[in-house]
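The values are calculated or read from the model by the stated rules, or taken from the named source; none is laboratory data. In this text the structure is predicted, and so the values were computed from the model without any measurement. Cβ placement follows ideal geometry from the backbone for every residue including glycine, while neighbour counts extend to all protein chains displayed. For accessibility, only protein heavy atoms count, side chains too; no ligands or nucleic acids. Shrake-Rupley method; radii C 1.70, N 1.55, O 1.52, S 1.80 Å.
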Amino acid sequence: MSSTSLPSPVLWCLAAFLCGSIPFGLLLVKLAGKGDVRAHGSGNIGATNVSRVGGKALGVVTLLLDIAKGFLPVFLAKRAGLSVDLLALMALAAVLGHVFTPWLKFQGGKGVATALGVILAADASMVLLPMGTFLFVLWLTRHVSLGSILAAAMVPVQLFLNRGVHHPVEELLGHGPAPVLPWAALVILVIWKHRENILRLQAGTESKLWGDKKEDANVQG
């Protein structure tokens, strides 16, 4: 496909933003007759809160759809042969759409699942260290929030580790700062959305997954 037949970079990023902005958690809970997920638990539209309001199956579906809405636009752009700079900008746009969805007065989730989707589409190997970190921390502490924060912090580490080998991620890093900046902004955004969780972790009041009777506030999305 020739570059002249492709939409402009602005339209690609707008499409990624709109795709990321679909509030699947909210829609699924309402369709299941469980009301507004934002009125329960942490008030978040992510998979963890959805699972508590609508059940584990609904939470899993929400998780998969939130991953998919990040994966799809970046995957299609990559198949279309777009530049790595634009892929990185689209990845950030999709996560921004989820975090600041215009359909919910620019209130959304924390971007973890959607960030996973865009990274999988850009280069699946980029999730190896972050995913391993998340699973280990979750197993060790039962804190979804802590696992998500540390997993996000591992994304730049994974990029650095992959840079020295012949690998598609080298293209993402490129020869200048442009491709790196959107990925760095994405990581900072996800961690910033967990700022309240960080305060609760420091105070020892953060709820845990599995068996904690308190409403879990470390919801991802």
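Taking the condition among the aromatic types (Phe, Trp, Tyr) and touching a Phe, Trp or Tyr at 6+ places or on another chain (Cβ under 9 Å), does residue 71 pass? For residue 71, the condition - among the aromatic types (Phe, Trp, Tyr) and touching a Phe, Trp or Tyr at 6+ places or on another chain (Cβ under 9 Å) - is not met. Residue count for segment 135-150, restricted to those that are assigned to a helix (DSSP H, G or I), open to solvent by 40 Å² or more (accessible area, probe 1.4 Å) and touching a residue at least 12 places away in the same chain (Cβ under 8 Å): 3.
Among all residues of segment 62-78, there is none that is open to solvent by 30 Å² or more (accessible area, probe 1.4 Å), in contact (Cβ under 8 Å) with a residue 60 or more places away in the chain and either of a type in the set (Lys, Arg) or part of a loop (DSSP other than H, G, I, E, B) (or both).
Of 185, 153, 217, all but one fail to be among the small types (Gly, Ala, Ser), open to solvent by less than 50 Å² (accessible area, probe 1.4 Å), touching a helix residue (DSSP H, G or I) at 6+ places or on another chain (Cβ under 9 Å) and modelled with pLDDT under 70; the exception is 217. Residue check: is residue 76 out of contact with any helix residue (DSSP H, G or I) (no Cβ under 8 Å at 6 or more places or on another chain), under 13 Å from residue 13 (Cα atoms) and of a type outside the set (S, T, N, Q)? Taking the combined requirement at face value, the residue satisfies it. Among the residues of segment 108-129, the ones that are assigned to a helix (DSSP H, G or I) and within 8 Å of the chain's Cα centre (by Cα) come to 7 in all.
Each residue in segment 199-213 was checked for being closer than 13 Å to residue 147 by Cβ and modelled with pLDDT of 90 or more, and 1 pass. The residues of segment 40-59 that are open to solvent by less than 80 Å² (accessible area, probe 1.4 Å) and part of a helix (DSSP H, G or I), listed by number, are 47, 48, 49, 50, 51, 53, 54, 57, 58, 59.
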